[in-house]
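Report on the structure given below.
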Amino acid sequence: MQDMTAIAPTEPVAPRARRRPALSPSRASDFKQCPLLYRFRAVDRLPEAPTKAQLRGTLVHSVLERLFTLPQADRVPARAKELLEPAWSDLSGERPEWRALFAGEATENADADEVADWLGTAAKLVDAYFDLEDPTRLEPEACELHVETELGSGVLLRGYIDRLDVAPTGEIRVVDYKTGAAPREIGEAKALFQMKFYAVVLWRLRGIVPRQLKLMYLTDGQQLAYTPDEPELVRFEKTLEAIWQAILKAGKTGDFRPSPSKLCGWCDHQARCPSFGGTPPVYPGWPEPDAGEESPIDRAD
């Protein structure tokens, strides 16, 4: 017979800690673009089917992150492209619905052929990266860096930085990879909003205004560099605080109104939008645990 006195009592499982609602660059941009879109994504958390272009962006980001884990001398185009298939295997293994986008119907091998062609387009973007800079000459402090800080007003900011470079003199450069082409005015403003968000977070965390915010567009090989200053970041911080207060106000009542624009053509939620004759689902209340989380797709746009 088993000696029951030798068995320790089962300890109660601690409840999972809830994270405070926070503001991320993607969710802040959503609210600026359309409060109802913010609600659908952050409050209702309605699913959105990613496109193959979005998945390609996520894959290329993963490859570039892995590239900088290699010794400097190994950071060459051929080695980078060798990382594509294992990176895709890892990403799609965690999210089988991504691989389902490539399910072939005509033949058993149709999906494999489609994936191979798609990986080829990702390889071209990886090659394009090497036309913009030489990673053998770089040693970033961090890639895919999670940053989080609370402003004096109580607003919690949270996000992921593609790459953080720190010079021997202490100067900071924030680098963001974009797998699309350099945007026109609206897209450029959205990209700079994201970068200024990171600049504010780093400034508050480290007490240093980043020397450069750098955007690298891999489709057309263009780069955009911007140098912020402290007064600008003070103003931008107030903008973020105002956005968060507007979100909280809407969150109390559920009054997230649509804001129709040219961008509506790319929205997955037209069928639920009053501007297109739809009806939103019943408001579920302010989300817990977190209204500010970004997905891998968000971070790779």
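Looking only at residues in region 227-245 that are over 22 Å from the mean Cα position of the chain (by Cα) and in contact (Cβ under 8 Å) with a residue 24 or more places away in the chain, the one that is farthest from residue 189 (Cα to Cα) is 230. Does region 66-76 contain at least one residue that is among the polar types (S, T, N, Q) and loosely packed, with under 15 Cβ neighbours inside 10 Å? Within region 66-76, one or more residues are among the polar types (S, T, N, Q) and loosely packed, with under 15 Cβ neighbours inside 10 Å.
Examine region 70-81 for a residue that is hydrophobic (A, V, I, L, M, F, W, C) and closer than 30 Å to residue 257 by Cβ, and state whether such a residue exists. Within region 70-81 (the criterion being hydrophobic (A, V, I, L, M, F, W, C) and closer than 30 Å to residue 257 by Cβ), the answer is no, since none of the residues qualifies.
Scanning region 270-301 for residues being at pLDDT 95 or above and under 24 Å from residue 179 (Cβ atoms) gives a total of 0. Within the set 169, 136, the sole residue that is touching a residue at least 40 places away in the same chain (Cβ under 8 Å) and out of contact with any Ser or Thr (no Cβ under 6 Å at 6 or more places or on another chain) turns out to be 136. Checked against (1) more than 23 Å from the chain's Cα centre (by Cα); (2) closer than 20 Å to residue 66 by Cβ; (3) crowded, with 17+ Cβ neighbours inside 10 Å, residue 161 meets all criteria but (1).
Of the residues 248, 213, 156, the single one that is in contact with a Ser or Thr (Cβ under 9 Å, 6 or more places away or on another chain), of a type outside the set (S, T, N, Q) and closer than 23 Å to residue 35 by Cβ is 156.
Modelled with pLDDT of 95 or more, of a type in the set (D, E, K, R), in contact with a helix residue (DSSP H, G or I) (Cβ under 8 Å, 6 or more places away or on another chain) and under 23 Å from residue 26 (Cα atoms) - does that describe any residue in region 122-132?
Step one: filter region 122-132 for residues modelled with pLDDT of 95 or more, giving 122-132.
Next, only the ones that are of a type in the set (D, E, K, R) stay: 124, 127, 131.
Subset that is in contact with a helix residue (DSSP H, G or I) (Cβ under 8 Å, 6 or more places away or on another chain): 127.
Cutting the leftovers down to under 23 Å from residue 26 (Cα atoms) gives us none.
No, there is no match, as no residue in region 122-132 is modelled with pLDDT of 95 or more, of a type in the set (D, E, K, R), in contact with a helix residue (DSSP H, G or I) (Cβ under 8 Å, 6 or more places away or on another chain) and under 23 Å from residue 26 (Cα atoms).
Within region 19-61, the residues that satisfy the criterion of being in contact (Cβ under 8 Å) with a residue 60 or more places away in the chain and polar (S, T, N, Q) are 24, 26, 29, 33, 54, 58.
Of the numbered criteria (1) farther than 16 Å from residue 142 by Cβ; (2) of a type in the set (A, V, I, L, M, F, W, C); (3) at pLDDT 95 or above; (4) within 20 Å of the chain's Cα centre (by Cα), the one residue 175 fails is (1).
Here is the figure for region 64-98: residues that are of a type in the set (Lys, Arg) and free of Cβ contacts under 8 Å to residues at least 12 places away in the same chain total 1. Taking the options 181, 123, name whichever one is surrounded by 13 or more Cβ atoms within 10 Å (Cβ to Cβ), touching a Ser or Thr at 6+ places or on another chain (Cβ under 8 Å) and either closer than 29 Å to residue 70 by Cβ or touching a residue at least 24 places away in the same chain (Cβ under 8 Å) (or both). Going through 181, 123 in turn, just one is surrounded by 13 or more Cβ atoms within 10 Å (Cβ to Cβ), touching a Ser or Thr at 6+ places or on another chain (Cβ under 8 Å) and either closer than 29 Å to residue 70 by Cβ or touching a residue at least 24 places away in the same chain (Cβ under 8 Å) (or both): 181.
Quick one: in region 187-219, which of the residues that are free of Cβ contacts under 8 Å to residues at least 24 places away in the same chain and under 19 Å from residue 29 (Cβ atoms) is surrounded by the fewest Cβ atoms within 10 Å (Cβ to Cβ)? Ranking the qualifying residues of region 187-219, first place goes to 189.
Conditions (1) surrounded by 13 or more Cβ atoms within 10 Å (Cβ to Cβ); (2) within 18 Å of residue 44 (Cα to Cα); (3) in contact with a strand residue (DSSP E or B) (Cβ under 7 Å, 6 or more places away or on another chain), marked per residue:
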| site | (1), (2), (3) |
| --- | --- |
| 229 | no, no, no |
| 244 | yes, yes, yes |
| 247 | yes, yes, no |
| 257 | no, yes, no |
| 262 | no, no, no |
| 280 | yes, yes, no |
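When the helices (runs of 4 or more DSSP H) confined to region 59-157 are screened for residues that are out of contact with any Phe, Trp or Tyr (no Cβ under 7 Å at 6 or more places or on another chain), within 30 Å of residue 168 (Cβ to Cβ) and aliphatic (A, V, I, L, M), those reaching at least 3 such residues are found at 110-132.
The values are calculated or read from the model by the stated rules, or taken from the named source; none is laboratory data. Note that the coordinates shown come from a computational prediction; the quantities given were computed from them, not determined experimentally. FYI the Cβ positions are ideal-geometry reconstructions off the backbone, even for glycines, and counts take in every protein chain you see.
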